[in-house]
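What follows is one structure encoded as structure tokens, with my remarks underneath.
Every number here is computed from the coordinates shown, using simple stated rules; none is lab data. Being a predicted model, the structure only gives us computed values, none of them experimental. So basically every Cβ, Gly included, is an ideal-geometry build from the backbone, and we count neighbours across all protein chains shown.
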Amino acid sequence: MRFRRSLQIETSAVIDMVPLVNCIFLLLIFFLATSNFISQPGIKINLPKAITSEVMQENTIVIAITSDNRFYLNETPVTLMELKNKLEKASRSEHVLIKADRDVTLSKVVNIWDFCRAIGIKQVNIATNQEVK
């Protein structure tokens, strides 16, 4: 009696996806656990609307005045005296952009504008939202 040996070599290789999915899942958990989510709240300002407003793309010093009369210089809170001291130290060739809330009195904006002009800053602009025509 003759026994046959059936030896077959499997030619198609199958890649098991479970270890790959486990590695990706563990990496995702690792990055989510180690990353820190810092939300920096912006300054809330309702800018007035203007039809003839233009977009400024130059490097400028940004002065923001909120509706509760707080001052920010490049998004850092400052007092009025600190604002004036830092503006005096700024270069005379810099541009200043005043972002004032629409509820701020005009006298505050004009006072800052006059101070900038008095110390020699030639380009002072007021930020507005572009009104839809």
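Protection proxy ranking of 27-33, 109-115, by the mean of other Cβ atoms within 10 Å over each peptide's residues and highest first, is 109-115, 27-33.
Is the shape of the stretch 63-102 best called rounded, prolate or oblate, per the rule: a/c under 1.5 gives rounded, else a/b larger than b/c gives prolate, else oblate, with a ≥ b ≥ c the square roots of the Cα gyration tensor eigenvalues? Oblate, because a/c is 1.5 or more while a/b does not exceed b/c.
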